[in-house]
């Protein structure tokens, strides 16, 4: 079973004064000073959170740093203009959009150039239904031939078979 505190018992850093009733009941001057110090410690300085480049290098291996570099550069350019949150959102979603476009292009290429034909066995097989011709249609007597269904390009071949 996974635990958030491996080998250590979890404890509250707020102590017993996290509950309002506890704060009202029997607080000594020393407890008040500790509570005041604890509340002061919860405030962030103007420059926090700090971004440590060594920590970034430690958390991300060489390959990950390489493929993150273009979008990190985009985020660094946009940060002074739009602010940190917006720049990080644009950085995140632009990466997802680029991956989506690449996948869409790859799928389009695959389906376009790897379709099933009478020459090869593999590929995606697409069957089109024959056109229904009803009385009153301009091409009524000329129904599509039975051999035209699922010919997989055989009738359009340019290979000399004799």
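Out of the stretch 38-57, which residues are under 24 Å from residue 18 (Cα atoms) and loosely packed, with under 10 Cβ neighbours inside 10 Å?
As a first pass, look at the stretch 38-57 and keep what is under 24 Å from residue 18 (Cα atoms): 38-45.
Within the stretch 38-57, 40, 41, 42, 43, 44, 45 meet the criteria.
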Residues of the stretch 93-121 being over 30 Å from residue 72 (Cβ atoms) and surrounded by 10 or more Cβ atoms within 10 Å (Cβ to Cβ), which ones? 110, 111, 114, 115, 116, 117, 118, 119, 120
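Are any of the residues in the stretch 99-115 within 21 Å of residue 158 (Cβ to Cβ), outside any helix (DSSP H, G or I) and free of Cβ contacts under 8 Å to residues at least 40 places away in the same chain? Spell out the reasoning first.
Initially, the stretch 99-115 is screened for residues within 21 Å of residue 158 (Cβ to Cβ), giving 112-115.
Going one step further and asking which of them are outside any helix (DSSP H, G or I), we end up with 114-115.
If we keep only those that are free of Cβ contacts under 8 Å to residues at least 40 places away in the same chain too, we end up with 114-115.
Checked the stretch 99-115: at least one residue is within 21 Å of residue 158 (Cβ to Cβ), outside any helix (DSSP H, G or I) and free of Cβ contacts under 8 Å to residues at least 40 places away in the same chain.
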For residue 87, the lone unmet condition from (1) within 19 Å of the chain's Cα centre (by Cα); (2) loosely packed, with under 10 Cβ neighbours inside 10 Å is (2)
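Can you tell me which of 69, 87 is at pLDDT 95 or above and in contact with a helix residue (DSSP H, G or I) (Cβ under 8 Å, 6 or more places away or on another chain)? Spell out the reasoning first.
Working: 69 fails: in contact with a helix residue (DSSP H, G or I) (Cβ under 8 Å, 6 or more places away or on another chain).
When all the criteria are applied, what remains is 87.
The values are calculated or read from the model by the stated rules, or taken from the named source; none is laboratory data. Given the structure is predicted, the values throughout are model-derived calculations rather than measurements. Don't worry about glycine lacking a Cβ; one is built from the backbone with ideal geometry, like all the others, and counts go over all protein chains shown.
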